[in-house]
Amino acid sequence: MGEFIGAATGDKRHMLGKFLYFSLSNLLVEKEELSALCESMGIAYAGCNRLSVSDAFRSATGDIRERVPVTTDGETNIYLAYCRDNKHTAGILSRELVKETLNRHTNQYEKLANISCGKNDGMFRCDNLVLDDAVDVQGCCRKAEELFELYQRCANRKQIETICVNFLRGMEATKLSVTGHMYFVPRTFMERVDIFEDFITLLSGLNKKQTPLVVNSFYIIDDAKQRDKMTEEFYLAVKKEIAAYQEKCDYLIKSSSQSPAVMERWVLKVQALEEKKRHYEGVLQRELDGLDDEFSVLKLLSQELQVRARSIRFQKAA
């Protein structure tokens, strides 16, 4: 990070691009609100398939975590209430709410309730509730049920991340090797960074988890050192993409895929990656020939897929 030379403002002609970073932790947004926001900003909505009953149940019960300190006669006990797995039966998802007493030589565990859900009917149930002086057992069960309903009608972090990554891909952004959502956006697409920042800011206001999201960006100065740094980052990122593309193309060939649509989609992905390389050569003012060997193998696989797809379509048309 210390090798980047940035600026808050600048003339596009003297900038290499923009450094963009954002956070998506602890995120849950109503799908209808998310769809409307994407449409209003011209951002492709990925659809966000409904979470399965199993995933919604695990997520909802996993969010139940209450820390309760209780002071009696000058002595403070700390209790932790949360859900843990127990034996599952066919067609029933089941967890139990427990209270753990902390700071003991041997922590004590007490079962407070059974929480279950039918895989087929989606019915959420809380049974065998035990009244407790420290933990609001009914409140925990009620919260778990509310979260269960919420998870089924909301888009989660992973689904929204797909929308963000697709938008960034449209800007030919390069994922940087540092940890987190950090990208380099070439100067050709810098204006669209403002749209993305507005999207994340508005998304934060729709977040049911009420955790603020963070987004920011700064310009990267166009000089020899920065071009060298971004060339290194581009190589690291694209080599990973090429490896993933090669694996997928090789799988489609070896498995004798009979879907021309799927094969053609991967041919287009390879072509887009080649176009991205050509674009970055212009931005970075150099030939990115360090990827020639990897691209040669990938192009051969892509050509094989294209031939197979055409052959299958021809046979179906005959």
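A few comments on the model shown:
- Candidate set: the stretch 216-243, residues that are among the β-branched types (V, I, T) and assigned to a strand (DSSP E or B); chosen: the one least open to solvent (accessible area, probe 1.4 Å): I220
- Applying the condition of being part of a helix (DSSP H, G or I) and out of contact with any helix residue (DSSP H, G or I) (no Cβ under 6 Å at 6 or more places or on another chain) to the stretch 277-290 and asking which residue is most open to solvent (accessible area, probe 1.4 Å) yields R278.
- Qualifying positions in the stretch 81-99 - basic (K, R) and either assigned to a strand (DSSP E or B) or surrounded by 14 or more Cβ atoms within 10 Å (Cβ to Cβ) (or both): R84, R95, K99
- Selection status of V185, in a loop (DSSP other than H, G, I, E, B), of a type in the set (V, I, T) and in contact with a strand residue (DSSP E or B) (Cβ under 8 Å, 6 or more places away or on another chain): no
- Test: residue in the stretch 253-262 that is modelled with pLDDT of 90 or more, within 30 Å of L16 (Cβ to Cβ) and open to solvent by 70 Å² or more (accessible area, probe 1.4 Å): no
- Those strands (runs of 3 or more DSSP E) lying entirely in the stretch 13-77 with at least 2 residues in contact with a strand residue (DSSP E or B) (Cβ under 7 Å, 6 or more places away or on another chain) and more than 21 Å from G205 (Cβ to Cβ): 15-22, 65-72
- The set of residues in the stretch 150-182 that are assigned to a strand (DSSP E or B), open to solvent by less than 20 Å² (accessible area, probe 1.4 Å) and closer than 28 Å to L51 by Cα comprises C154, A155.
- In the stretch 303-316, the condition of being β-branched (V, I, T) and part of a helix (DSSP H, G or I) is met by at least one residue.
- Pair list, Cβ < 6 Å and 6+ apart or interchain, from the stretch 236-261 residues that are closer than 18 Å to D292 by Cα to residues that are modelled with pLDDT under 90 and of a type in the set (D, E, K, R): A237/K175; I242/E294
- In the stretch 105-119, the residues that are farther than 14 Å from V135 by Cα form Cβ pairs under 7 Å with partners that are at pLDDT 90 or above and in a loop (DSSP other than H, G, I, E, B), at six or more places apart or across chains, as follows: N114/N128; C117/M123.
- Selection of the stretch 188-210 for residues being more than 16 Å from the chain's Cα centre (by Cα) and open to solvent by less than 50 Å² (accessible area, probe 1.4 Å) yields F189, M190, V193, E197, L206.
- Condition check for L300: open to solvent by less than 60 Å² (accessible area, probe 1.4 Å), without any contact (Cβ under 8 Å) to a residue 60 or more places away in the chain and out of contact with any Pro (no Cβ under 9 Å at 6 or more places or on another chain): no
- Filtered by the rule that a residue be in contact (Cβ under 8 Å) with a residue 60 or more places away in the chain, over 15 Å from N216 (Cα atoms) and β-branched (V, I, T), the stretch 168-187 gives T174, V178.
Residues checked against (1) free of Cβ contacts under 8 Å to residues at least 60 places away in the same chain; (2) surrounded by 14 or more Cβ atoms within 10 Å (Cβ to Cβ); (3) among the β-branched types (V, I, T):
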| site | (1), (2), (3) |
| --- | --- |
| I43 | no, yes, yes |
| A60 | no, yes, no |
| I64 | no, yes, yes |
| R67 | yes, no, no |
| E75 | yes, no, no |
| Y79 | yes, yes, no |
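- Looking across the stretch 45-58, the residues that are at pLDDT below 80 and open to solvent by 60 Å² or more (accessible area, probe 1.4 Å) come down to N49, R50.
- In the stretch 129-149, the residues that are open to solvent by less than 90 Å² (accessible area, probe 1.4 Å) form no Cβ pair under 9 Å with any partner that is assigned to a loop (DSSP other than H, G, I, E, B) and modelled with pLDDT of 95 or more, whether six or more places apart or across chains.
The values are calculated or read from the model by the stated rules, or taken from the named source; none is laboratory data. These numbers come from a predicted model, not from an experiment. With ideal geometry, Cβ positions are generated from the backbone for all residues, glycine too; neighbour counts draw on all protein chains shown. With ligands, DNA and RNA removed, areas are computed over all heavy atoms of the protein, side chains included. Shrake-Rupley method; radii C 1.70, N 1.55, O 1.52, S 1.80 Å.
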